1. Tell me whether the range 55-74 contains one or more residues that are out of contact with any strand residue (DSSP E or B) (no Cβ under 9 Å at 6 or more places or on another chain), outside any loop (DSSP other than H, G, I, E, B) and under 26 Å from P92 (Cα atoms).
2. Taking into account only those residues within the range 52-94 that are closer than 25 Å to L16 by Cβ and touching a residue at least 40 places away in the same chain (Cβ under 8 Å), which is surrounded by the fewest Cβ atoms within 10 Å (Cβ to Cβ)?
3. For the structure I just gave you, tell me whether A12 is part of a helix (DSSP H, G or I), at pLDDT below 90 and of a type in the set (A, V, I, L, M).
4. Taking only pairs six or more apart or across chains, which ones have beta-carbon atoms under 6 Å, a first residue in the range 27-41 that is not polar (S, T, N, Q), and a second residue that is not in a helix (DSSP H, G or I)?
Amino acid sequence: MNEPAVSSAHGASYTLVFAGLVVLTALELAASYLPFAAKLPLLVLFALTKASLVILFFMHVRYDKKIFFIFFAIGLVLTIPLMLVLGLVMPPLH
C-alpha cells in the first residue's frame, strides 16, 4: 500500500503538540497537590486544553473542513459549564 508521507511541517507540529501534552501533564501532576478548591479550575483547564490539542492535531480536525471545527467548538462550549457545575456539585472522593 502507498501510505502518504507525513510532511516535515506536520511532523514538527506533532512533535510540538506532544511536547505541549507532556508539559501539561506535568502541570496537572503539580496541580494535584493543591487544595481541592484551587486545583479544580486548573485541572479542568488543563484537561480541556489537552483534549483540544489531541482533537485538533491528532484527529486532524484542524486540517479538515470548517464545519467539523464548528461542531467541535459547539461541543466544547457546551462541555465547559457542564464540567464546572459537576465539579462544584459533586463532593470530593477521599
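The values are calculated or read from the model by the stated rules, or taken from the named source; none is laboratory data. This is a predicted model, so every value here is computed, not measured. Note that we place each Cβ from the backbone using ideal geometry, even for glycine, and neighbour counts take in every protein chain shown.
1. Within the range 55-74, the first condition is being out of contact with any strand residue (DSSP E or B) (no Cβ under 9 Å at 6 or more places or on another chain), and the residues that meet it are 55-74.
Retained after the next criterion (residues that are outside any loop (DSSP other than H, G, I, E, B)): 55-58, 66-74.
Of the ones still in play, those that are also under 26 Å from P92 (Cα atoms) are none.
No; the residues of the range 55-74 include none that is out of contact with any strand residue (DSSP E or B) (no Cβ under 9 Å at 6 or more places or on another chain), outside any loop (DSSP other than H, G, I, E, B) and under 26 Å from P92 (Cα atoms).
2. F58
3. Details: part of a helix (DSSP H, G or I): yes; at pLDDT below 90: yes; of a type in the set (A, V, I, L, M): yes.
Answer is yes for this residue.
4. F36/P92
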